[in-house]
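Just below is one structure, and these are the notes that go with it.
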Amino acid sequence: MFCYQCQEAAKGTGCSIRGVCGKTDVVANSQDLLIYTVKGLSKLNLIAKENGIEKEEIDKFIMESLFITVTNVNFDDNVIYEKVLEGIKIREELKVELQNKGVDLSKETHDAINFIVDRENVEKKREEVSILKTENEDIRSLRELITYGVKGMAAYANHAYVLKYADKEISRFMEKALAATLDDSLSVDELVALTLETGKYAVEVMALLDKANTSTYGNPEITKVNIGVRNNPGILISGHDLKDLEQLLEQTKGTGVDVYTHGEMLPAHYYPAFKKYDHFVGNYGNAWWLQDKEFETFNGPILMTTNCLVPPKDSYKDRVYTTGVVGFPNVKHISEDETGNKDFSQIIEHAKRCSAPTQIEEGEIVGGFAHNQVLQLADKVVEAVKTGAIKKFFVMAGCDGRMKSREYYTEFAKKLPKDTVILTAGCAKYRYNKLEFGDIAGIPRVLDAGQCNDSYSLAVIALKLKEVFELNDINELPIAYNIAWYEQKAVTVLLALLYLGVKNIHLGPTLPAFLSPNVANVLVETFGIGGITNVDDDLKMFLG
Ligand code: FSO
Ligand code: SF4
């Protein structure tokens, strides 16, 4: 195996024996093969679209397969292998359909469009498609940068899709980008251009998801979220899928079972649609990587709707349920029926047999500062900037992770001068969201827009401020970007910000292992991207 798609890549270069995330070599190789299958299918699907064959189910298959390979989503080799077989079947059926229409496919000789596997030869095939097979490290770096950006897009598109929002142009672009990564004739410059184009569609897919979420569940609003517990048995729901949460809340109504959020599900409390449920109690615990301790003390069943799943410990494994794209061997999986509904009754019955959660924290945290809410406060914000009460905003969005070096973000937040405001989204916020920062003229000093999926809100806020202050360039705003990344959705957000023209973004705790020195140089020279050093020096740099 070789994988370097996330921030925790072993030794900062790549995992080659077993993933730091817990992924085995078999799963890692299987994921490579699934991506290869999807790339071949994408190439063929573009030909089909040019010839008037447009199938929603193929776009859906591509989207889900990509999402499955995102870090900490699916650790089940059987699921991934079945997906490969399904992809090949879809591809071969599409070929027949195209040939019946008289389309000549004889020039489509790329192995990704033609290979077949079975249990006998799958191991060999998996190794053949390792990303290390692209020998030129710059081409490999750009191909992977594009692939990861598209994986993140697939996750966003999937969340929008379950709420019945889709955009054919976005799917077409994703397929075009994936197909391009198979093309040996593309130069480094062409791949750089495609990387930037990925940023354009990243903005579009994030806008689509924002529309899907806010049209379905209302605009997030300022909300206090309880972090303590009650005495009823509970179900803990984690990941990012709001539709799963909605169905769980409906099905637990009147059962005596409470529902708590974990990790990236916390921002669900900010949506008006979920406030009507009295048994939607609060948020339990912190960011994803602490689940091995927090799932233990929660005592009841846990539903993982998306990443980040940590390989469950035996002590609570029987209480973990996965759904959607998530999977882990020997962990119960809840599938949807043909109408998209999920039956969570076995989780509810399971909860009734469990004790109430053990309290690990108490009090409240405040969030809900997505674009609509912040724009309602725009007058106050603009006034505070004009009077100098707010000197600078710090975008500290992104992800959290296990690495000790991420303590940097707690210290950085604590040492920020009192006339600064943190704009956040994603699980990165758990490094500082329970500390007391006070407010500036009634504006809290930490404004949480929501999940990493809601990073779009931060871009909307920045663009609005640019308009209000009548600036020509988004970089003239008093906003600094000190972003923590972990998995591929963060790559998508980064490409989106670059597309919007944001310069001088600092990325930590380490720069991506998949950036070759030359590709990193392009990002440094064109966009001023940088890493982090230590809190004091970085503060001087940001405030200087
Ligand atoms: Fe965090 Fe995990 Fe939301 Fe990510 S839970 S790390 S970018 O998968 O999804 O922020
Ligand atoms: Fe390693 Fe990250 Fe890949 Fe897991 S996803 S194998 S931790 S690089």
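Region 286-353 and region 27-80 have Cα centres spaced 24 Å apart. For region 406-458, which trypsin sites (Lys or Arg not before Pro) pass both filters: DSSP loop (anything but H, G, I, E, B) and at most 16 other C-beta atoms within 10 Å? For trypsin sites (Lys or Arg not before Pro) across region 406-458 that sit outside H, G, I, E and B with at most 16 neighbouring Cβ atoms in 10 Å, the list reads Lys418, Lys434. Report the paramagnetic label zone for Val188: residues of region 114-148 whose backbone N is under 20 Å from a point 7 Å from Cα along the Cα-to-Cβ axis. The answer is 132-148. Which of the three applies to region 37-189, rounded, prolate or oblate, going by the alpha-carbon gyration tensor with a ≥ b ≥ c and a/c under 1.5 meaning rounded? Rounded is the answer for region 37-189, as its axis ratio a/c remains below 1.5. Here the extension length gained between Glu57 and Arg119 equals 19.8 nm, from 0.36 nm per residue of separation less the Cα-Cα distance. A DSSP coil position with no more than 10 other Cβ atoms inside 10 Å describes the following GluC sites (Glu not before Pro) in region 304-381: Glu338, Glu362.
Helical content of the chain, expressed as a calculated mean residue ellipticity at 222 nm, amounts to -14000 deg cm²/dmol (DSSP H runs of 4 or more residues, -39,500 (n - 2.57) each, divided by residue number, nearest 500). Once the mean 1/r over all distinct Cα pairs of region 112-175 is inverted, what Kirkwood radius in angstroms do you read off? 14.3 Å is the Kirkwood radius here. In this rough spin-label picture, where each label sits 7 Å from Cα along the Cβ direction, the Asp419-Leu46 distance is 5.2 nm. I'd like the carbon and sulfur percentage of the solvent accessible area for the chain, probe radius 1.4 Å, heavy atoms only, ligands and nucleic acids excluded. Reported share for carbon and sulfur atoms: 50 percent.
Roll a 1.4 Å probe over the protein chains and send me the accessible area per residue for region 377-543 in Å². Per-residue value: 38 Å².
Pairs from the table (Lys39/Lys489; Lys125/Lys313; Lys43/Lys133) lying more than 22 angstrom apart at Cα are Lys125/Lys313.
Rounded to the nearest whole angstrom, the semi-axes of the ellipsoid equivalent to region 1-99, taken from the Cα gyration tensor as √(5λ), stand at 30, 12, 10, largest first.
The residues neighbouring Asn45, those whose beta-carbon lies less than 15 Å from its own, together hold a net charge of -1 under the Lys/Arg +1, Asp/Glu -1 convention. Relative to the current alpha-carbon distance between Ser405 and Ser16, full extension at 0.36 nm per residue lengthens the span by 137.8 nm.
At 1.567 mPa s and 4 °C, plugging the Kirkwood radius over alpha-carbon pairs of the chain into Stokes-Einstein gives what diffusion coefficient in µm²/s? Result for D is 54 µm²/s.
Once the Cβ-Cβ distance between Lys503 and Glu221 is put in as r, and R0 is 30 Å, what FRET efficiency do you end up with, to the nearest 0.05?
Approximately 0.40, to the nearest 0.05.
The simple spin-label model puts a point 7 Å past each Cα toward its Cβ; for Asn341 and Asp104 those points are separated by 5.2 nm. Using R0 = 56 Å, the C-beta based FRET efficiency linking Val26 and Lys253 works out to 0.85. Among the GluC sites (Glu not before Pro) within region 1-66, those in coil by DSSP and having at most 14 neighbouring Cβ atoms inside 10 Å are Glu54. Annotation: aspartates and glutamates with alpha-carbon distance below 20 angstrom to Lys414 (same-chain offsets under eight excluded): Glu364, Asp400, Glu436, Asp439, Asp448, Asp536, Asp537, Asp538. The residues packed around Ile222, meaning those with a beta-carbon under 13 Å from its beta-carbon, carry a net charge of -1 if Lys and Arg are +1 and Asp and Glu are -1.
Overall shape: rounded for region 223-352, with the ratio a/c of the largest to smallest alpha carbon gyration tensor axis below 1.5.
Around the Cα centre of the chain, unit charges on the Cβ atoms of Lys, Arg, Asp and Glu (plus for the first two, minus for the last two) sum to a dipole of about 1000 debye. Which entries of Lys317/Lys342; Lys49/Lys243; Lys11/Lys332; Lys391/Lys464 have Cα-Cα distances beyond 23 Å here? Violating the 23 Å Cα-Cα cut-off are Lys49/Lys243; Lys11/Lys332.
Fully extending the segment from Glu383 to Glu93 would add 98.3 nm, taking 0.36 nm per residue of separation and subtracting the current Cα-Cα distance. When the charge dipole of the chain is built from unit charges on Cβ atoms (+1 for Lys and Arg, -1 for Asp and Glu) and taken about the Cα centre, the candidate among Leu515, Thr181, Phe61 whose Cα reaches farthest toward its positive end is Leu515. Take the Cα radius of gyration of region 264-326 and divide it by 2.2 N^0.38 Å, N being the number of residues; the result is 1.18.
The values are calculated or read from the model by the stated rules, or taken from the named source; none is laboratory data. Since this is a predicted model, take the numbers as computed values, not measurements. All Cβ positions, even for glycine, are placed from backbone atoms using ideal geometry, and neighbour counts span all protein chains on display. We work out accessible area using only protein heavy atoms, side chains counted, and drop any ligands, DNA or RNA first. Shrake-Rupley method; radii C 1.70, N 1.55, O 1.52, S 1.80 Å.
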